[in-house]
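First up is the structure itself, then whatever we jot down about it.
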Amino acid sequence: MSDAPGWFTRAIGTTPESHRIDVGGTSIHYLAWGERALPGIVLVHGGAAHAHWWDHIGPSFLPEYRVVALDLSGHGDSDRREEYTLRAWTEEVAAVIDDAGFTSPPVVVGHSMGGFVTIATAAWQADHIGGAVIIDSPVQAEDPEVARARRTDEFKKAKTYDDPDIPIARFRTIPEQRHYLPYVKEHVARNSLTVLNDGRWGWKFDPTIFVPRRAEPAQLLAEVTCRVALLRCEYGLVTPDIGDYMYEQLGRVAPVIELPTAGHHPMLDVPLILITALRSLLADWDHSRPLRRPAN
């Protein structure tokens, strides 16, 4: 990746700690950057993604924060379950928070499906979260990976490969977007593969993660009491109407911020804009008092 800029090479050159914990009999893997006993940020990936989607994002918050990125069960280097539920994924987030050594409840940042998990964690595990940032999670619509899984057989039979360079070259997101930074896309794709028992290469996610419907987050918005911010991508899935709906459900106290030029996966096309938005929110939250929901 000789064409990658210095900020990116420095970020992915910052080696994270690698941890495993047991959550309900399932081994959950997470990465951590920064010293224990610092304020915390927890990064939650989208459907079929993994913790390494954040490798170039997490180190940007050092040395002020301890940053954690987990692999939800059925994703990345975490184990698989017989059944995947939103409740189980929130328990995994809470368990990682307990294990990570934060001084206070962290800010949890969730992208796409990970935003749904973050909303549910804020509602069901409220004592674990100090703030929540939801990135382009369309709560009034089925997330795109689930929709594709229901319409096609694409995820039902996992493809395998003799040569890892073939799937890396073919790597694409759902939904696809008009632009990716090639060095980010290659790094994420390379870390999305694993060697299988037969010596061939395959994707790390379990295709059955798309089976359960995840309609609860829209109803759970009204139960969230911590600070919340919504980041919608200019060319993403959260339309202005959906953003307005989420704003109303959250009591008209959560900012809705558009990331200009961003596709649905902003860490792949506009990572510096995403980092700047997150830094700005964290700086504001460090020095301001949250607005409260209006009384009914």
Q | Checking Ala4 against (1) free of Cβ contacts under 8 Å to residues at least 40 places away in the same chain; (2) farther than 20 Å from Arg279 by Cα, the condition it does not meet | A | (1)
Q.
For the stretch 193-259, give me every one of the strands (runs of 3 or more DSSP E) that falls completely inside it and has 2 or more residues that are touching a helix residue (DSSP H, G or I) at 6+ places or on another chain (Cβ under 8 Å).
A. 201-203, 227-235
**Q.** Unmet requirement for Trp203, which otherwise passes all of (1) under 24 Å from Ile168 (Cβ atoms); (2) touching a strand residue (DSSP E or B) at 6+ places or on another chain (Cβ under 9 Å); (3) at pLDDT 95 or above
**A.** (3)
Q: Residue by residue through the stretch 159-189, note down the ones that are part of a loop (DSSP other than H, G, I, E, B), closer than 24 Å to Ala262 by Cβ and not polar (S, T, N, Q).
A: Phe171, Arg172, Ile174, Pro175, Glu176, Arg178, His179, Tyr180, Leu181
Q.
Looking only at the stretch 98-121, filter to residues that are out of contact with any strand residue (DSSP E or B) (no Cβ under 6 Å at 6 or more places or on another chain) and among the aliphatic types (A, V, I, L, M); which one of those is surrounded by the most Cβ atoms within 10 Å (Cβ to Cβ)?
A. Ile119
Q) Which residues, taken from the stretch 54-65, are surrounded by fewer than 24 Cβ atoms within 10 Å (Cβ to Cβ), outside any loop (DSSP other than H, G, I, E, B) and among the hydrophobic types (A, V, I, L, M, F, W, C)? A) Phe61
**Q.** Within the stretch 66-86, considering residues that are of a type outside the set (Val, Ile, Thr) and not in a loop (DSSP other than H, G, I, E, B), the one surrounded by the most Cβ atoms within 10 Å (Cβ to Cβ)
**A.** Leu70
(Q) Anything in the stretch 262-295 that is in contact (Cβ under 8 Å) with a residue 60 or more places away in the chain, assigned to a helix (DSSP H, G or I) and touching a Ser or Thr at 6+ places or on another chain (Cβ under 8 Å)? List them, or say none. (A) Leu268, Asp269, Ile275, Arg279
Q. So is Asp127 part of a helix (DSSP H, G or I) and more than 16 Å from Ser73 (Cβ to Cβ) or not?
A. yes
Q: Just give me the residues in the stretch 122-137 being crowded, with 24+ Cβ neighbours inside 10 Å and out of contact with any Gly (no Cβ under 8 Å at 6 or more places or on another chain), in sequence order.
A: Ala122, Ile129
Q) Could we say that Asp55 is among the charged types (D, E, K, R) and more than 21 Å from Ile134 (Cα to Cα) here? A) no
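Could you name every one of the strands (runs of 3 or more DSSP E) located completely within the stretch 3-52 that has at least 2 residues being closer than 24 Å to Leu268 by Cβ and modelled with pLDDT of 95 or more?
Hits in the stretch 3-52: 26-33, 40-44.
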**Q.** Where a residue in the stretch 183-200 is under 17 Å from Tyr161 (Cα atoms) and its partner, wherever it lies, is small (Gly, Ala, Ser), with Cβ under 6 Å and at least six apart
**A.** Leu196/Gly202
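The values are calculated or read from the model by the stated rules, or taken from the named source; none is laboratory data. Computed from a predicted structure; not experimentally measured. Glycine gets a Cβ as well: all are built from the backbone with ideal geometry, and neighbour counts include every protein chain shown.
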